[in-house]
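Notes for the one structure printed next.
The values are calculated or read from the model by the stated rules, or taken from the named source; none is laboratory data. Bear in mind that the values here come from a model prediction, so they are computed numbers and not experimental data. So basically every Cβ, Gly included, is an ideal-geometry build from the backbone, and we count neighbours across all protein chains shown.
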Amino acid sequence: IVISGYIAQSAISLGKDAFGVLLDHAASPEVTAEIIKMIKAKQRISDFHYLNTRQSANTIFLTLHLVFDKDISLYDAHEVADSLEAEIREKFKEFSWQITTHLDPYNDKEGR
């Protein structure tokens with residue numbers, strides 16, 4: 001009985017570890033907070049919203065909307081977004097990243 005209890009406990013422990021890796025979950029609060037800090041440090045980004053992270057094993061999926069002043073060119077806004085993505089990848093090299101940014105000329109979370 002003692003041995004079967006030990007085996008059951010080991011199986012449960014291994015199962016929890018495996019599910020933690022196999023199931024998606026949000027990125028850690030520390031990673032998310034650092035990303036927000038990096039976004040706010042970009043002077044040409046007016047605001048952001050719809051920030052969503054999902055981590056699957058060692059890959060973090062990040063989606064967000066970046067709000068720019070309506071007078072910025074699409075080219076310049078794209079350059080700022082590319083720069084932000086590169087900084088995130090550089091800061092968190094231990095993860096593989098899939099980043100999708102949507103460039104907004106106004107805050108579509110609030111409407112026009």
message = I'm checking my understanding of the structure. Among residues of the stretch 56-78 that are assigned to a loop (DSSP other than H, G, I, E, B) and more than 20 Å from Ala41 (Cβ to Cβ), which one is modelled with the highest pLDDT?
response = Ser73
request  = Give the number of residues within the stretch 1-39 that are modelled with pLDDT of 80 or more, surrounded by 10 or more Cβ atoms within 10 Å (Cβ to Cβ) and of a type in the set (S, T, N, Q).
outcome  = 4
ask   = If we keep just the residues of the stretch 79-101 that are without any contact (Cβ under 8 Å) to a residue 12 or more places away in the chain and in a helix (DSSP H, G or I), which is surrounded by the fewest Cβ atoms within 10 Å (Cβ to Cβ)?
value = Glu90
Leading residue by the ranking (modelled with the lowest pLDDT) among those in the stretch 102-112 that are assigned to a strand (DSSP E or B) and surrounded by 15 or more Cβ atoms within 10 Å (Cβ to Cβ) = Asp104
ask   = Within the group Thr32, Thr53, which residue is assigned to a strand (DSSP E or B) and of a type outside the set (Phe, Trp, Tyr)?
value = Thr53
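Each row is one residue, and each column tells you yes or no for (1) closer than 12 Å to Leu103 by Cα; (2) touching a residue at least 40 places away in the same chain (Cβ under 8 Å); (3) over 13 Å from the mean Cα position of the chain (by Cα).
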| position | (1), (2), (3) |
| --- | --- |
| Pro29 | no, no, no |
| Glu34 | no, yes, no |
| Met38 | no, yes, no |
| Asn58 | no, no, no |
| Asp71 | no, no, yes |
